[in-house]
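Since every read-out is calculated from the coordinates, none of them should be taken as a lab result. Model, not experiment: these values are computed from the prediction. Here Cβ is always computed from backbone atoms with ideal geometry, including for glycine, and neighbour counts include all displayed protein chains.
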């Protein structure tokens, strides 16, 4: 996904999290599951350590005829292990990951917050 209107000097720094009950949050605002379930955005909030475990499982289950995929997963694993972030934004269509401080992180958080408002407004209209 090509990002538009990148603003590297954006003063607003967003925070993402996942509650113990599995609810997603941006800046302590609960994000309606439909934003992610209906794929209204190309990103989802993930717990980094949990995703590392998932990658390890995928790598171990990878067939020999999928060596290219295995190589990409190993590369991702190396990148993710070096990070210390608790949460990340993970692309649902590629192996792109965004972390606090990345150029597009705040842009995507803004998008998620706007989509969340749209979902809430849709519910109010019904």
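How big is D for segment 57-126, in µm² s⁻¹ as a whole number, if Stokes-Einstein is applied with the Kirkwood radius of its Cα pairs at 25 °C and 0.890 mPa s? Before the final figure, lay out the partial values.
On the way: Rh = 14.8 Å.
Stokes-Einstein gives a translational diffusion coefficient of 166 µm²/s.
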In degrees between 0 and 90, to the nearest 10, how far off the longest principal axis of the chain does helix 67-82 point, with axes built from Cα atoms?
-> 60 degrees
Gaussian network model of the chain, Cα within-10 Å springs - most flexible of 98, 113, 55 | 55
By how many degrees, 0 to 90 and rounded to 10, does the Cα axis of helix 105-125 deviate from the longest principal axis of the chain?
-> 50 degrees
For segment 27-71, alpha-carbon Rg and Dmax in angstrom = 14.9, 44
Fluctuation leader among 110, 20, 100 - the chain, Gaussian network, Cα springs under 10 angstrom | 20
Label points 7 Å out from Cα along the Cβ direction at residue 29 and residue 52: separation in nm?
-> 3.1 nm
Give me the orientation-averaged projected area of the Cα convex hull of the chain, in nm², one decimal.
-> 9.4 nm²
Which of 81, 31, 16 moves most in a GNM of the chain, Cα contacts under 10 Å?
-> 81
In degrees, nearest 10, range 0 to 90: what is the angle between the Cα axis of helix 48-61 and the longest Cα principal axis of the chain?
-> 40 degrees
